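Below you'll find the structure, written out as structure tokens, and then a few comments.
The values are calculated or read from the model by the stated rules, or taken from the named source; none is laboratory data. On a predicted model such as this, the values are computed, not experimentally measured, just so you know. Every residue, glycine as well, gets a Cβ built from its backbone with ideal geometry; the counts of neighbours run over all protein chains shown. In case anyone asks, the SASA skips ligands and DNA or RNA and just uses the protein heavy atoms, side chains included. Shrake-Rupley method; radii C 1.70, N 1.55, O 1.52, S 1.80 Å.
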Amino acid sequence: MDRDRKLDTDFIPLSLVGSESPGWDGEWRDGALADGFSRPIKNLRISVTDRCNFRCTYCMPEEGLTWLRRDQILSYEEIERLARIFTDVGVEEIRLTGGEPTVRADLPVLVEKLSRLPLNSLSLTTNGFRLKELCKDLVDAGLERINVSLDTPVAEKFVHITRRDALPQVLAGLEECEKYPQLRPIKVNAVAVRGFSEEDVLAFAELARNRPYVVRWIEFMPLDADGAWDRDDVLTGAEIKAIIETRYPLVPIADDRIQVAQRYAFADGAGEVGFINPVSEPFCATCDRIRLTADGHLRTCLFSTWETDLKTPLRSGASDEEIKQLIRSAVWRKEMKHHINDPGFQPASRSMSQIGG
Ligand code: SF4
């Protein structure tokens, strides 16, 4: 069977899948979720909303998108139940994403619910705009790690790329995080775009050297709502590393955990930076991630062109076991890799803000 082919989830009876999977021994065992390539799947990204208070040019149009209605998105109780089921089948790490997760009311309530699950890490990706206000409540609720999206430390450029004059609030949010030693690491993620990001690289390197932040650059991916992505706009991790090394030598950090980032320390020990290179150096071979959209659909790859609806069965009285079977069947069909670099690349069926990074 050509496992790379996009398969309709209802197409293959479960009895035909999983026979070689570590979680299968005549019936499914909890706690060992794996895909058809035997990659263990332990990392779940949960989008809590498709809405955002920024309008980043590489993500969505100025006017925004057609937002999901309130009744279409999962309630915190539904997210909690699904998250528990995912941990039952083997998920160990949960990251909350959006849109922008902090625009959803009472986010610490959800964090507190999820913090009761047997997780190795509970983290959040945010644009940082509301972080100063929410940080204490999120940490008290059990948040352990944070990723703050910041594409430039220059105010005018920040306005240009986010269409919001909000850099001071984001920097204040980062400073607020520093007050909570239990909230580590504090990661700063910058989307790298050719012709925009080069001149900020050394300023970001200084930030990583002088503050307790791990600064990482993410290559620009074809997930923008406008479909305007162009390979020529991709500034690669290798190019950014070379810019840093014009001033500061870097040494690789050995880390055998599954990582999306290539981690480097400054040779003089003054901090850490990282490079996430999905376009120039794809890391799909060790991918352990799946995603739950705000409206309850399971995506097995950022670039999936198909999804599995978990919300409808959840709201129609399906048992935990029935939902586990849907999850396992979908994960078994997880895509081998993205095809950004292949002829005939099909864009993902949703844009980044509707998937949640
Ligand atoms: S593109 Fe898909 S398979 Fe590759 S690392 Fe990202 S989510 Fe995993």
Legend entry - Contact order relative to length of the chain, as percent, for alpha carbon pairs under 8 angstrom and 6 or more apart: 21 percent
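With every protein chain kept in place and ligands, DNA and RNA left out, what is the accessible area per residue of segment 14-355? Probe 1.4 Å, answer in Å². Write out the running numbers ahead of the final one.
Working: 13900 Å² over 342 residues.
That works out to 41 Å² for each residue.
Rounded to the nearest 5, what is the percent of antiparallel bridges among the DSSP beta bridges in segment 14-355?
30 percent
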Inset, instruction - Let me know the charge dipole size of the chain about its Cα centre in debye, to the nearest 20, where only the beta-carbon of Lys, Arg (+1) and Asp, Glu (-1) is charged. - result: 380 debye
Inset, instruction - Give the accessible area for residue 115 in Å² (nearest 10); use a 1.4 Å probe, count only protein heavy atoms, and leave out ligands, DNA and RNA. - result: 50 Å²
Legend entry - Rough spin-label spacing in nm, given labels placed 7 Å along Cα→Cβ, for residue 203 and residue 267: 2.7 nm
Inset, instruction - Tell me, rounded to the nearest percent, the portion of alpha carbon pairs in segment 212-340 spaced more than 26 Å apart. - result: 40 percent
Inset, instruction - Excluding residues on the same chain fewer than 8 positions from residue 311, give the lysines whose Cα lies under 20 Å from its Cα. - result: 113, 324, 334
Inset, instruction - In Å and from the alpha-carbon atoms only, list the Rg and Dmax of the chain. - result: 19.9, 60
Inset, instruction - Please provide three numbers in whole Å: the alpha-carbon extents of segment 146-189 along the principal axes, with the largest listed first. - result: 34, 16, 12
Legend entry - Selection of trypsin sites (Lys or Arg not before Pro), segment 223-257, meeting DSSP coil and at most 11 other Cβ within 10 Å: 247, 257
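Pairwise over distinct Cα atoms, reciprocal of the mean inverse distance: report the Kirkwood radius of segment 67-128 in Å, one decimal place. Numbers along the way, then the final one.
Values: mean 1/r = 0.0810 Å⁻¹.
In segment 67-128 this quantity evaluates to 12.3 Å.
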Legend entry - Estimated 222 nm signal from helices in the chain, with DSSP H stretches of n ≥ 4 weighted -39500 (n - 2.57), rounded to 500: -7500 deg cm²/dmol
Legend entry - Lys/Arg +1, Asp/Glu -1 at C-beta; the chain dipole; positive extreme among 120, 67, 180: 180
Inset, instruction - Please list, in chain and number order, the residues 5+ apart from residue 95 or on another chain whose amide H is under 5 Å from its amide H, with Hs placed from the backbone. - result: 44, 45, 46, 123
